[in-house]
Amino acid sequence: IYENYQKSFRTIGLGITGLANALVMMNMKYNSEDAIKFVDELMNFIAKNTYRASIDLAKKKGQFPLLDREKFVQSGFIQKHMKDDKEWKEIKDDIIKYGIRNSKMLSVAPCGTLSLTYGNNCSSGLEPIFSLEYDRKVKMGGQSDNNIKIVKMQDYAYGLWKQMKELDKDVSVEEDKFVTAMNMTVDEHIKMLSTIAYHIDMSCSKTINVPTSYSFEETKGIYESCYNLGVKGCT
């Protein structure tokens, strides 16, 4: 059944990681208006080119088998983008003409282990920097508690920044640009999530950090805000 589903719809999950580190390296605060504007343009660029690539694949290999071209271009995702960007009208016309290879293409996963290993502890997925420096428990050589070692961890961009400072190199990034998850308001978390989710045709993984004093009604308000902004899921 899963094989048939995948061959019928050809879903894939292109996403991002290291966003917060990329922003700070560009001397932007994750929770600033400049960052929101940049990320909005970046994710729209990624979405457009992903859809164009899938249309090109359809020309060569054919559309996904269960595609109804007219219904597909009436999706909320394509329709809302057409209002903001004339290039999406061209994408819509090309889907009608050539089809599209993949039914869904964009998703932002948590990317925790990937970011820790391959990203050298870069920021994870679309999340802000978790912490600049912290201790992490790691089991080395076995799974028993005797194998637990405490490892000093450092955010990738922050470590690079400190290293360049120590070498007396010119660094344009100011230290106050290193915003961490706990330094942000709930609304700032939601704003970045909704900005990115707008350009994602599946879903985004995002932890919204809230104070322990938050009431039930305040927590309920987070879900209502996300729903009203068109976000499919929040944690």
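The values are calculated or read from the model by the stated rules, or taken from the named source; none is laboratory data. Predicted model, so just to flag it, every value in this text is computed and none were measured. Counting neighbours? That spans all protein chains shown, and the Cβs are built from the backbone with ideal geometry, glycine included. Side chains included, ligands, DNA and RNA excluded: accessible areas come from the protein's heavy atoms. Shrake-Rupley method; radii C 1.70, N 1.55, O 1.52, S 1.80 Å.
Residue-level analysis places residue 171 outside the set of residues that are over 13 Å from the mean Cα position of the chain (by Cα), touching a residue at least 12 places away in the same chain (Cβ under 8 Å) and over 30 Å from residue 104 (Cβ atoms).
Of all residues in the range 96-111, how many are touching a residue at least 40 places away in the same chain (Cβ under 8 Å) and open to solvent by less than 60 Å² (accessible area, probe 1.4 Å)? Summing the residues that are touching a residue at least 40 places away in the same chain (Cβ under 8 Å) and open to solvent by less than 60 Å² (accessible area, probe 1.4 Å) in the range 96-111 gives 11.
Filtered by the rule that a residue be among the small types (Gly, Ala, Ser), surrounded by fewer than 19 Cβ atoms within 10 Å (Cβ to Cβ) and closer than 30 Å to residue 85 by Cβ, the range 204-225 gives a lone residue, 225. Among the candidates 227, 214, 223, the residue that is among the hydroxyl-bearing types (Ser, Thr, Tyr), part of a loop (DSSP other than H, G, I, E, B) and farther than 20 Å from residue 16 by Cα is uniquely 214. Of the residues that make up the range 194-203, is at least one surrounded by fewer than 17 Cβ atoms within 10 Å (Cβ to Cβ), touching a residue at least 12 places away in the same chain (Cβ under 8 Å) and under 25 Å from the mean Cα position of the chain (by Cα)? Among the residues of the range 194-203, not one is surrounded by fewer than 17 Cβ atoms within 10 Å (Cβ to Cβ), touching a residue at least 12 places away in the same chain (Cβ under 8 Å) and under 25 Å from the mean Cα position of the chain (by Cα), which makes the answer no.
Is it the case that residue 210 is closer than 28 Å to residue 137 by Cβ and of a type in the set (A, V, I, L, M)? Answer is yes for this residue. For the range 134-188, the candidate set comprises residues that are open to solvent by 70 Å² or more (accessible area, probe 1.4 Å), in a loop (DSSP other than H, G, I, E, B) and in contact with a helix residue (DSSP H, G or I) (Cβ under 8 Å, 6 or more places away or on another chain); within that set, the residue that is nearest to residue 222 (Cα to Cα) is 140. Taking the criterion of being at pLDDT 95 or above and more than 30 Å from residue 172 (Cα to Cα), would at least one residue in the range 109-131 satisfy it? Looking through the range 109-131, at least one residue is at pLDDT 95 or above and more than 30 Å from residue 172 (Cα to Cα). In the condition set (1) farther than 30 Å from residue 11 by Cβ; (2) loosely packed, with under 15 Cβ neighbours inside 10 Å, residue 228 is compliant with all but (1). Of the listed requirements (1) more than 19 Å from the chain's Cα centre (by Cα); (2) in contact (Cβ under 8 Å) with a residue 40 or more places away in the chain, residue 207 misses just one: (1).
Within the bounds of the range 99-120, is there any residue that is basic (Lys, Arg), within 21 Å of the chain's Cα centre (by Cα) and more than 11 Å from residue 48 (Cβ to Cβ)? Looking for residues that are basic (Lys, Arg), within 21 Å of the chain's Cα centre (by Cα) and more than 11 Å from residue 48 (Cβ to Cβ), one finds at least one in the range 99-120, hence yes. As a summary of the residue check, residue 84 satisfies the conditions (1) under 25 Å from residue 188 (Cα atoms); (2) under 18 Å from the mean Cα position of the chain (by Cα) except for the one numbered (2). In the condition set (1) outside any helix (DSSP H, G or I); (2) open to solvent by 50 Å² or more (accessible area, probe 1.4 Å); (3) polar (S, T, N, Q), residue 131 is compliant with all but (2). Selection of first residues in the range 16-27 that are in contact (Cβ under 8 Å) with a residue 24 or more places away in the chain and of second residues that are open to solvent by 40 Å² or more (accessible area, probe 1.4 Å), restricted to Cβ pairs under 7 Å at least 6 apart or on distinct chains, gives the following pairs, ordered by first then second residue: 17/114; 21/156; 27/172; 27/174.
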